1. Counting only residues that are crowded, with 21+ Cβ neighbours inside 10 Å and of a type outside the set (A, V, I, L, M, F, W, C), which one in region 195-216 is nearest to the ligand (Cβ to nearest atom)?
2. So which of E285, E266 ends up being crowded, with 20+ Cβ neighbours inside 10 Å, of a type in the set (D, E) and either at pLDDT below 95 or in contact with a strand residue (DSSP E or B) (Cβ under 9 Å, 6 or more places away or on another chain) (or both)?
3. Given the criterion out of contact with any His (no Cβ under 8 Å at 6 or more places or on another chain) and under 30 Å from A298 (Cβ atoms), identify the matching residue among A86, A126.
4. Consider region 1-59. How many of its residues are more than 23 Å from S192 (Cβ to Cβ), out of contact with any His (no Cβ under 9 Å at 6 or more places or on another chain) and either modelled with pLDDT under 95 or among the polar types (S, T, N, Q) (or both)?
Amino acid sequence: MKIHNPANGNVIGDVEADTSAKVRAKYARARAAQPAWAELPIKKRLATIAAFRERLAAMQDTLAGTLTAEVGKPIRQSRNELSGLAGRLDFFLAESQRTLRSETVLADVDNKLEERITHEPLGVVANISAWNYPYFVGSNVFVPALIAGNAVLYKPSEYATLTGLHIAQMLHESGVPEDVFVPVIGDGTTGSALLRQPVDGVFFTGSYETGRRVAASAGRRMIKVQLELGGKDPIYVCDDVDVKAAAAAVADGAFYNNGQSCCAVERIYVADAIHDEFVDAFVDEVRGFPVGEPTDEATYIGPLTRRAQIAVLKRQVADARKLGGKVLTGGEPIDGRGNWFQPTVVVNADHRMSLMRDESFGPVIGIQRVSGDDEAVALMNDTPFGLTAGVYTRAEKRAKRILARVHAGTVYWNCCDRVSPRLPWSGLGHSGLGLTLSTYGIRTFTRPKAWHLRSI
Ligand code: NAD
């Protein structure tokens, strides 16, 4: 399998993809190794994750360089992802032991009856992952899964394979046995071979289309399945904001990582009274984003990771134009080698346009004028997705009223495109099933076992 640099198309790696037979053999190794891993005291498993954290910090420059080379993420943003990962690991290191401790829920001395809950690992889990934040979305799964005593078959995206191999090597060097964390290398074909193994759970991050297939496969076998899928995340900008500051914050939420974030701002609704002023400030901001080589420290917008996305963005812009949308900046691919698209802002957008309905996952955003809170809420909820949604206003009560009515796993007041390890990360509808992060996202890699204990 050839690995390409999305900035210029150069081949930067050549790795062997796993055949079905190899995937089967990897599964068998993981199955055999899991019980001994689960029997270790949790402190020992936590120590491997603490060592992994140290290794990540020591290797940061190399890891950031690889991420930038294979995904095209601007180098500063690659480093940000790695520093952010340390915070997530700290959360798991601090909270796992307490969260996974067994609980006595009844101690009836008179009747000599005790009721207890223990949190048992699922067993062998498959983690099929995405490329856009490979450290974040991967570690949300494999770190708590390992801490809880599972063996993990980890399939990085074919667009983040070298990063996946780095992760495996660092975990092994940190003391996780090679048969307990097993990288499975390849594209969707390898992913479906992995799904054919009798694993105990599937934890998937990726698109809605692939997620449906994964869910169908897991459903037939009645194993635990979690899906972290796409979004069409809205922001509503109310009439009482500091327009420049809101425009800068929302533009960052839409264009950071070239818009290739599951929780990137994907559509914007602006109150009529400030619409024109907001659009001017927003377009100024977007025009100021440095576009360039992802290895350059100054770059904010780099190439798209996947070449195929250029066609999606072209179609969305063409469809919006046809239906009355006005492109104020950008709108075209950037000529040359590699996968480039101009940062693009479309106004007069509305929900007839695919730009406002389907995930763009790129540097393209639509802005729609709204008359007030009710219209904004109706439009925000007019989607099969439900990952995040946000509102910008000075008024706290108003914000909370609006956010209470919005269907989304995560809601934001005066912020966006933000993930916290302390809060559950989940999506409604086409955005997924289940959750990661928070203490719920530790227990999700276990099944509760009920103990009825009567001493005689
Ligand atoms: P994708 O669905 O193309 O691929 C995801 C993974 O599935 C890859 O590892 C791929 O090789 C594998 N795969 C493909 N076909 C398969 C099959 N038939 N069986 C098993 N595995 C298969 O998605 P992507 O392009 O890697 O990621 C982008 C998507 O992920 C976007 O929609 C984005 O919003 C979403 N995402 C969501 C979250 C979240 O937390 N909700 C986080 C990051 C990305």
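1. G206
2. Working: E285 fails: either at pLDDT below 95 or in contact with a strand residue (DSSP E or B) (Cβ under 9 Å, 6 or more places away or on another chain) (or both).
The unique qualifying residue is E266.
3. On the way: A126 fails: under 30 Å from A298 (Cβ atoms).
Sole residue among the options that is out of contact with any His (no Cβ under 8 Å at 6 or more places or on another chain) and under 30 Å from A298 (Cβ atoms): A86.
4. 3
The values are calculated or read from the model by the stated rules, or taken from the named source; none is laboratory data. Everything numeric in this text was worked out from a predicted model, so none of it was measured. Glycine gets a Cβ as well: all are built from the backbone with ideal geometry, and neighbour counts include every protein chain shown.
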